[in-house]
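The block underneath contains the structure these notes are about, expressed in structure tokens.
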């Protein structure tokens, strides 16, 4: 169950919430782990080869306490195991104040980005998403003045500012873009202070995500 509801401010309201679609998420994690898998093979294969060539010598079992053997196994299978364990803990929410991203492997971490602090947002439909009909995609966020280049990996840390493989990404992206503009506009000139003769740009930051 998501912990996002437990950290809401007074009068803060969730306008949209979701999580990655499981199949694209797992397949994407598998393909992104291939470079690490290949890099880890020599670390694990060399001790195994030495064990086989030793013809079952009692000392050959000492190979399995060598740290680089376990480092190799970690590089080969760690990202996939991490993706499987982290999936139940990944949840996303967009509120009338901020974007909230919950993640973690053995615990829960929540990162928040205030709506007015998001300088850029892009949507990406990857090859993996295309395999599932293009109905999922990733929204990537950059904060403040930084232009951040995101690399799709299985590392939980690289996912903190991404809404990965969510359903209907373009619809969510348009809704989020309007919310971002409305928030910044209302901060500069709140609706409550607009004269009735010149209403200007009427923001609607409490609008719910449109029903499908």
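Extending 7 Å from Cα along the Cβ direction at residue 30 and again at residue 106 yields two label points whose distance is 2.7 nm. Exposure proxy ranking for 129, 168, based on other Cβ atoms within 10 angstrom of each Cβ and starting from the fewest, stands as 168, 129. Suppose R0 equals 45 Å; then what is the FRET efficiency for residue 48 and residue 167 from their Cβ-Cβ distance, rounded to the nearest 0.05? According to the calculation, E is roughly 0.60. Can you tell me the FRET efficiency between residue 5 and residue 87 if r is taken as the Cβ-Cβ distance and R0 is 22 Å, rounded to the nearest 0.05? Between residue 5 and residue 87 the formula returns 0.70. Along each principal axis, taking the top coordinate minus the bottom one, the Cα set of segment 4-55 gives 69, 22, 16 Å in descending order.
Every read-out reported here was derived from the displayed coordinates using simple, explicitly stated rules and does not represent laboratory data. Note that the structure is a prediction, hence the values are computed from the model and not measured. Counting neighbours? That spans all protein chains shown, and the Cβs are built from the backbone with ideal geometry, glycine included.
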